[in-house]
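Data block below; observations after.
What follows draws every value from the coordinates through simple rules; no lab data is involved. Everything numeric in this text was worked out from a predicted model, so none of it was measured. Ideal geometry is used to build each Cβ from the backbone, glycine not excepted, and the neighbour counts take in all protein chains shown.
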Amino acid sequence: MADKAANPTSARAYDIVVFGATGFTGKLTAEYLVQSKEAGKLKIAIAGRNAPKLEACKQALLALSPKISIDLLRADSSDFTSLVEMAGKSKVVITTVGPYLKYGEALVEACIETGTHYVDLTGEPEFVEGLEHDYQAEAEAKKVKIINSCGFDSIPHDLGALYTVHALNKELGEQSAGKLPVKVEGFVQARGTFSGGTWHSAITQFSRFREYQKKRKTWKKAKKSIPTDRRRSRVMKPSVKYCKPYQAWACPLPTIDPQVVKRTAASRKEFGPDFEYGHYVLVKQLPKLVGGIIGAGGLVALSQFKFSRDKLLKIKDPGQGPSAETRAKSWFKVNFIGEANGLHVWTQVSGGDPGYDETAKMLAESALSLAFDKSLPKCYGIVTPGSGIGVALIDRLQKAGIEFQTL
């Protein structure tokens, strides 16, 4: 169902505020917004704590789109009052300020308090699960959408699974669609570099593995999670396997993406009464796969100790990113296989640079959809891109050059 009621934020000064626009990904997101098809009607502000950097960012944006009006707002993650003032002026707040475990919660609280929709780029499971536990009921009651993971984590996988299920249901026919157990597997291939912000978030999450597991046990006992209609949704048990269709090894990918897909599936009827998802990275050569597993294990181990963790964090600055030339050579593909009642469909989501350009596009289009699209799912609280926006975002991304196709 779609919520066609009047948006209570419609009279606010801004459609979108970009918090963290002076950072690398934040600036790319703001650049995309001021050059978007909706730029002519877009009321936008950029926000941060450094006035000279904000002014420089504004001038750079005006050079790209001279006719658009851009306001500056002062806001600081450590100043809750400033966050409330910023959020209260906009329909939607975009934040690229991470790691979110350190800087994110106060802004979420401010958005819920002011009834403002929120999107971010987080790939930090502890942050997202904590928000579900602490803020779901309040955000849902206020009809606010707090949508995490609106970049490469996790839109291609989340919306790709949704697209795959729709393609599968089309083949099953009206009598069977949404009524049978469904299995979807996603296989990731990509070339690109990850941002300094992603690096810092990952190391922070690795270092908190024990604390996170303790919290999960507490949250599970409390039985507080996103609302569902009791449909069963789960992630496949991890196992390495060889995939003949792709002529590559498939290794389970321990990211937030499977959990995001699982939450979307639990909240949408078209995924059927029993849904299972598997998430993998494709590696052509077995030695590279083994090396990658060993390397990931080493990062987790080194992140447990302050000395080595500090050294790791110095490798990449949070605001650091590659050149436009490097990004132009980057790409991603996520192949999906959907199965129900012996029927299979093969789909693919593909695009350009996953870590920066396409991530900025996904984040910006998520916010634009919340600001302007009238018929979105009637799902509020701490929600996913698939449950909070869904098909409207697939349509937007297709028009923006990210390809969803049935193979």
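Brief remarks follow.
- Which listed pairs, of Lys102/Lys237; Lys27/Lys145; Lys27/Lys214; Lys53/Lys329; Lys145/Lys269; Lys145/Lys220, have C-alpha distances above 26 Å, in listed order: Lys102/Lys237; Lys27/Lys214; Lys53/Lys329
- Two-decimal Rg to Rh for the range 307-396 - Kirkwood Rh, Cα set: 1.09
- Amide H within-cut-off set for Asp353, under 5 Å, with H built and near neighbours excluded: Ser330, Glu358
- Sequence-ordered 3J(HN,Hα) estimates for the range 58-75 from the Karplus curve with 6.51, -1.76 and 1.60 and θ = phi - 60° stand at 4, 5, 5, 5, 5, 5, 7, 9, x, 7, 7, 9, 10, 9, 10, 10, 8, 8 Hz, glycine and proline given as x.
- The range 127-170 shape via C-alpha gyration tensor axes, a/c threshold 1.5: prolate
- Gyration tensor verdict on the range 1-133 (Cα atoms; rounded if a/c is under 1.5, prolate if a/b is larger than b/c, oblate otherwise): oblate
- Backbone HN-Hα couplings from phi across the range 129-146 [Karplus 6.51/-1.76/1.60, Hz, Gly and Pro as x]: 5, x, 5, 4, 5, 8, 10, 4, 4, 5, 5, 5, 4, 8, 6, 9, 9, 9
- Whole-number percent relative contact order across the range 67-170, with pairs defined as alpha carbons under 8 Å at least 6 apart: 23 percent
- Where trypsin sites (Lys or Arg not before Pro) in DSSP loops with at most 10 other Cβ within 10 Å are excluded, longest remaining stretch of the chain: 68-222
- Segment Arg210-Lys237, extension gain: residue separation times 0.36 nm, minus the distance between their alpha carbons: 7.7 nm
- Around the amide H of Ile68, modelled in the peptide plane, lies no amide H under 5 Å away from a residue 5 or more places distant or on another chain.
- Length released on extending from Ser323 to Lys143, taking residue separation times 0.36 nm less the Cα-Cα span: 60.8 nm
- Coupling constants for the range 325-340 follow from the phi torsions by the Karplus curve (6.51 cos²θ - 1.76 cosθ + 1.60, θ = phi - 60°), and in residue order they are 5, 5, 5, 5, 8, 8, 7, 8, 9, 10, 8, 10, 10, x, 9, 7 Hz; glycine and proline get x.
- For the chain, the Cβ-based charge dipole about the Cα centre amounts to some 800 debye (Lys, Arg positive; Asp, Glu negative; other atoms uncharged).
- Proximal lysines to Lys399, defined as alpha-carbon separation beneath 20 angstrom and excluding residues fewer than eight positions away on the same chain: Lys37, Lys41, Lys333, Lys361, Lys374
- FRET efficiency, Lys269 to Asp373 (Cβ-Cβ, R0 22 Å, nearest 0.05): 0.60
- The chain - Rg over Rh from alpha carbon coordinates, Kirkwood radius: 0.95
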